[in-house]
Amino acid sequence: MVELERRGVPTVLFTAQTFVHDAQRSAASFGLAGLPLAVVPLPFTNQKPEAVHRMAEGAFDQVVAGLTQTVDVRPGAQPPRLEDRFAYDGDDLLDAWTLMRADFLRRGWSDGFPLVPPTPRAVEALLRGTTRSPGDIVATLEPGFGIATIEKLAINAVMAGCGPEHLPLLLTAVRCLAEPKMYIRNKAMSTGPHAPLVLVNGPKGRVADVNAGMCALGPGAPSASNTVLGRALRLVMMNVGHTYVGVSDMETIGSPLKYACCCAENEAESPWEPYHVTRGFAKDASTVTVHFVYGICELHDFRSTAPEDLVGVFATAATNVAQVGTGLWLIGRRADPRTKTEEREHNTLFICPEHAQIFARAGWGRREIQEALYRAARLPFKTMMLNKEPKALAVAHPELAWLADHPDLPLPVVEDPGCFDIAVVGAAAGRGAYFYGAGEPVTLPVED
Amino acid sequence: MARLEVLNPVAKTVEHSVKPAARLTTLQGVTLGLYWNMKAGGDAALDRTEALLHEKFPQVKFRRYIGSVGWLMRHCTAEDADRIASEVDAVVGTTAD
């Protein structure tokens, strides 16, 4: 709508009451605070047409007014500039820290857990983890177009509990978020539980003590680095990208994965080349991959000893049509309209070392698993379309209109076998993890 | 007494500024775009809005739009926005939430 206003076209946008703040902030971040809205009581989704009609009738006067009455551009709507540092006085430092935590919570700057105080000394110490200057800009992070300087990233890293050894990995993860192909705006602002899954490969992950083995996704002491790195990325999304709950992060339920979801690949126990090599990097390179995921399903199998049987079990996880990405290719591709980058919907599998050995002993590599899973993970067309807009299918794939006459035809849940990303993670026992992905992963080399 | 001094974690932002379009003096006789991002229910809202507008402003013409890229939600590219701007006088949009 802002782009149309820019072109001289007056607009008005239907918006549910719950999303008014979100719509206003979003419009303001694109440069037009006060974009006219026609506010309705509820989202139109999951409503019968007659209920939607009643809401449209109730907002009709707002529609007319939005197109004909002068727009209040609200020059004062932007939040005031804040000072660079804050001081908290207490009876002792613990008391002062309690005041700081309460104030940061009130301002919305916390993930809810206690924050490590980002004192100038602590931030200075953390900055020793990079050769870059504090004022260097790593990226501009949407949805708020926050300027991600090295110093701001370090401040949030301190708050998360990071040390200097974690900083290069965090900077790389932030660069992943800012890649056009990531389309972070969509994932940060959605009503869905998009969580950044961070996968570290290479020697710098080992230097930073990122756990790849037992309980790699935490919690616990062996995964302390994983926890603080994942947490730091979330705090950066909030305080640098301005992804704040109820303001721009409109998630319906939330997800524990959004607090921290980070580990390394267990390269030592993998029978295959490291994951980042499949992404085009040298084996001895260090990389960070970020893949936004909706949720996680266990890949439990203590019985199977043949690859085909394991794939059969994995396919049951992949055919969960309640998960938004399953069969989403039928109605198009995730795409940023500004850059026209398109994403296929990927899913990430963490295969445990024992299962990986079963595949490897039979001569299977990643490609064989991907292709077998692509063949096994299929659903009838009518099942796949249960929660999808039929008109979207007609727009995205008019050449598939014939499917309407074949409702029981099994279709693959993803666009092609490469949409299953596979890494070896974890310790003993036959339990992996299937992450329902949101778009494609982004992998970048770690830079100091 | 003890004082704890900490640094501000919040990043400054890149500011954008767009001047709102001049509003219409009347809807009578104009061509209105009805933009739907294909999220469920939004089309029904535009159907009813079109009917109501037609009742009140019988001379209004309508054109329907969806974005040319996307999936669950279809978005307008710059080319889409140029085309819409060249074809209509104003736009009513719905993103369904």
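The values are calculated or read from the model by the stated rules, or taken from the named source; none is laboratory data. Model, not experiment: these values are computed from the prediction. Don't worry about glycine lacking a Cβ; one is built from the backbone with ideal geometry, like all the others, and counts go over all protein chains shown. Accessible surface is based on the protein model in full, side chains and every heavy atom, while ligands, DNA and RNA are left aside. Shrake-Rupley method; radii C 1.70, N 1.55, O 1.52, S 1.80 Å.
Just a few scattered comments:
- Residue check, residue A:439 on the phi > 0 side of the Ramachandran plot and surrounded by fewer than 20 Cβ atoms within 10 Å (Cβ to Cβ): no
- Exactly one residue out of A:254, A:205 is within 30 Å of residue A:361 (Cα to Cα) and either of a type outside the set (Ser, Thr, Tyr) or open to solvent by 10 Å² or more (accessible area, probe 1.4 Å) (or both): that is A:205.
- Considering residues of the range B:13-38 that are of a type in the set (Gly, Ala, Ser) and open to solvent by 20 Å² or more (accessible area, probe 1.4 Å) only, the residue farthest from residue A:146 (Cα to Cα): B:29
- Qualifying residue in the range A:133-154 (condition: in contact with a Leu (Cβ under 7 Å, 6 or more places away or on another chain), over 20 Å from residue B:12 (Cα atoms) and more than 7 Å from chain B (Cβ to nearest Cβ)): no
- If the condition is being hydrophobic (A, V, I, L, M, F, W, C) and within 7 Å of chain A (Cβ to nearest Cβ), then the range B:56-71 contributes B:66, B:69, B:71.
- Pairing each residue of the range A:282-309 that is of a type in the set (Lys, Arg) with any residue that is outside any strand (DSSP E or B), provided the two are 6+ apart or on different chains, yields C-beta distances under 6 Å for A:283/A:277.
- Filtered residue count, the range B:61-96, keeping only those that are part of a loop (DSSP other than H, G, I, E, B) and either at positive phi or open to solvent by less than 30 Å² (accessible area, probe 1.4 Å) (or both): 5
- Residue satisfying all of: in the range A:226-259; of a type in the set (Lys, Arg) and within 14 Å of chain B (Cβ to nearest Cβ); farthest from residue A:165 (Cα to Cα) among these: A:234
- Of the criteria (1) surrounded by 23 or more Cβ atoms within 10 Å (Cβ to Cβ); (2) in contact with a Gly (Cβ under 8 Å, 6 or more places away or on another chain), which one residue A:237 fails: (2)
- Selected residue (criterion: nearest to residue A:447 (Cα to Cα)) from residues of the range A:103-123 that are more than 10 Å from every other protein chain (Cβ to nearest Cβ) and either touching a strand residue (DSSP E or B) at 6+ places or on another chain (Cβ under 8 Å) or part of a helix (DSSP H, G or I) (or both): A:105
- Whichever residue in the range A:381-411 is part of a loop (DSSP other than H, G, I, E, B) and touching a residue at least 60 places away in the same chain (Cβ under 8 Å) and, among such residues, is surrounded by the fewest Cβ atoms within 10 Å (Cβ to Cβ): A:386
- A Cβ distance below 7 Å, combined with a sequence gap of six or more or placement on separate chains, defines the contacts here; from the range A:265-279, residues that are open to solvent by less than 60 Å² (accessible area, probe 1.4 Å) reach residues that are of a type in the set (Phe, Trp, Tyr) in the pairs A:265/A:275.
- Just one of the listed residues (A:35, A:13) is open to solvent by less than 60 Å² (accessible area, probe 1.4 Å), farther than 21 Å from residue A:242 by Cα and either polar (S, T, N, Q) or touching a Leu at 6+ places or on another chain (Cβ under 7 Å) (or both), namely A:13.
- All positions within the range B:25-45 that are at positive phi and either more than 7 Å from every other protein chain (Cβ to nearest Cβ) or touching a residue at least 60 places away in the same chain (Cβ under 8 Å) (or both): B:29
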